[in-house]
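As structure tokens, the structure follows; a few thoughts come after it.
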Amino acid sequence: MFNLPLLLAFIGTASVLVITPGVDTAIVLRAATADGRRSASFAAVGIALGCLAWGAAVSFGLGALLRASELGYTVVKIAGAGYLLWLGVKLLLKPRAALNTEAAPQAIEGGAMFWRGFLSNLLNPKVGVFYVTFLPQFVPAGANAASYCFWLACLHVALTLVWFAILISATVPLGRFLRRPAAVKTLDRLTGGVFVAFGIKLAASTSR
């Protein structure tokens, strides 16, 4: 079944959620301003695939299981919080002194940004809980809930990639002014602070 008003309502609501600043935005902004379009694109793709993995998991029922299981939720939550805290502390204590513009290090950095974006979402149980509570509200009557939820998750990922493309295009020119050593250190430390804050927030959260 197809319900256009319901679909438009989902697109509008999801778009607002996509542009709301969070860890994903911090990752992409940091990569775009400090490392350039290539690394930011890798990070965006990693974030998108992390969301898509949760979308697939929700479609197969893992999201509902995570919501119902206190132990499962806690394990994933602690893993995600620990990962964010590790990234944040690392950036706070060891910010880069300058950008490396060699071709090979850029390739390594791009791969590192992909995994950073991917794991930051995969290890965040709130993404799964968000999908399992948010997506079913927009499933039309008579539609297959599992397949339609996955389709909505794919649509959410597509909106996310569009937003990141806009963000990267607007931010990369600014990166030319932020490639000074002092700016790189400041940006790394600010991003590290964001990661630590979100890690603590995730670890302290109790709502599922």
Check: Between a first residue in the range 48-60 that is in contact (Cβ under 8 Å) with a residue 40 or more places away in the chain and a second residue that is surrounded by 22 or more Cβ atoms within 10 Å (Cβ to Cβ) and acidic (Asp, Glu), which pairs have beta carbons less than 6 Å apart while being 6 or more apart in sequence or on different chains?
Finding: none
Notebook entry, point to check: Here are 66, 91, 71, 84: which of them is at pLDDT below 85, farther than 19 Å from residue 115 by Cβ, surrounded by 21 or more Cβ atoms within 10 Å (Cβ to Cβ) and among the hydrophobic types (A, V, I, L, M, F, W, C)?
Noted result: 66
Next item on the list: Among residues belonging to the range 1-34 that are surrounded by fewer than 16 Cβ atoms within 10 Å (Cβ to Cβ), over 19 Å from residue 199 (Cα atoms) and among the polar types (S, T, N, Q), point out the one that is modelled with the highest pLDDT.
Entry: 15
Check: Within the range 35-54, which residues are of a type in the set (A, V, I, L, M, F, W, C) and surrounded by fewer than 21 Cβ atoms within 10 Å (Cβ to Cβ)?
Finding: 45, 49, 52, 53
Next item on the list: Would you point out the residue of the range 138-164, among those that are of a type outside the set (A, V, I, L, M, F, W, C) and in contact (Cβ under 8 Å) with a residue 40 or more places away in the chain, that is nearest to residue 2 (Cα to Cα)?
Entry: 140
Note to self: Of everything in the range 119-145, what is hydrophobic (A, V, I, L, M, F, W, C) and surrounded by 21 or more Cβ atoms within 10 Å (Cβ to Cβ)? Give them in sequence order.
What the structure shows: 122, 127, 129, 132, 135
Next item on the list: Starting from the range 23-36, keep only residues that are of a type in the set (Phe, Trp, Tyr), then list their pairs with residues that are crowded, with 24+ Cβ neighbours inside 10 Å whose Cβ atoms are within a distance under 6 Å, requiring at least 6 positions of separation or different chains.
Entry: none
Next item on the list: Please identify the pairs in which a residue from the range 1-15 that is closer than 13 Å to residue 136 by Cα has its Cβ atom under 8 Å from the Cβ atom of a residue that is outside any helix (DSSP H, G or I), counting only partners at least 6 apart or on another chain.
Entry: 6/140
Next item on the list: Within the range 83-94, track down each residue that is more than 13 Å from residue 122 (Cβ to Cβ) and in a helix (DSSP H, G or I).
Entry: 85, 86, 87, 88, 89, 90, 91, 92, 93
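The values are calculated or read from the model by the stated rules, or taken from the named source; none is laboratory data. Values in this document were obtained by computation on a predicted structure and should not be read as measured data. A quick note on method: Cβ atoms are made from the backbone with ideal geometry, for glycine too, and the neighbour counts reach across all protein chains shown.
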